[in-house]
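Please treat every number below as a calculation from the coordinates, not as lab data. Every value quoted in this text rests on a predicted model; they were computed, and no experiment measured them. Cβ sites come from the backbone with ideal geometry, for glycine too, and all protein chains shown count toward neighbours.
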Amino acid sequence: MAAEAQRAWNKGKVVGKKPPLTPDQVNLIRLILRQEKNWRDLALFNVALDTSFRGCDLVRLKVSDVATPAGIRELVEIRQKKTAKRNPRPVQARLSEATRDSLRVYLAETEKSAHAWLFTGEGARWAHSHLSESQLWRRFKGWVEKAHLDPALYGLHSLRRTFPTYIHQQTGNLRAAQLLLGHASIESTKDYIGTEQAEALEIARKYHL
């Protein structure tokens, strides 16, 4: 008798691209964080959505990236860690008024210096280090669970995809989504936010045999 087949690596797991959050889901998570007065997580969630930065870039933001002595910046500019060599151009993102308000509350509460990490790690050991990507994932998972969503269906790329996908759905402007994501190729953007699949499903919704 042949040896028992090895357990498939993806058995019981949800594989494939993680979907973006819907506007209703975004609003629900924001409401929960406001009710909890969790200003750090609210600012983190808002900045993540507005910037569409990868987790590795998001956790390495400094206070000076988003604030000056005059107030909170409207435009944030970074050089992406993952693609710095092949795409050295900086990526810009615009912070909404609501996001700037949440940052004001958070920074006033924490009194961080301009050179400090914007989002520090959890616990005394990590108080002077930036939030790690694994800690970011745990925060995101907690938000999703509080909103009664299945964390197996969502990941950090859901955060990154949310705003560019919404922009493309509302305007059809794929170039804007590309710039928000900092992709060198528009084909990468098409694949990343699944525009062709979404368009095919929308056509299928309208036409039936």
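The gain in end-to-end length when the ILE186 to ASP150 segment is fully stretched comes to 9.9 nm, 0.36 nm per residue minus the alpha carbon separation.
Computed from backbone phi with θ = phi - 60° and the Karplus coefficients 6.51, -1.76 and 1.60, the 3J(HN,Hα) list for the range 174-187 is 6, 5, 4, 5, 4, 5, 4, 7, x, 7, 6, 10, 5, 5 Hz; x is used for glycine and proline. For LYS141, the aspartates and glutamates whose Cα comes closer than 14 Å to its Cα, not counting residues fewer than 8 places off in the same chain, are ASP41, GLU133, ASP150. Once you reduce the range 40-77 and the range 164-184 to the center of their Cα atoms, the two points are 19 Å from each other.
With labels modelled as points extended 7 Å from the Cα through the Cβ direction, what inter-label distance (nm, one decimal) is found for ARG104 paired with GLN92? Modelled inter-label distance: 2.3 nm. The packing ranking, built from the mean of other Cβ atoms within 10 Å per residue, places the peptides 165-171, 68-74, 42-48 in the order 42-48, 165-171, 68-74, highest first. Inter-label distance, LYS141 to ARG79: 3.4 nm, where each label sits 7 Å from its Cα along the C-beta direction. Label positions at GLU133 and ARG175, each projected 7 Å from the Cα along the C-beta direction, are separated by 3.2 nm.
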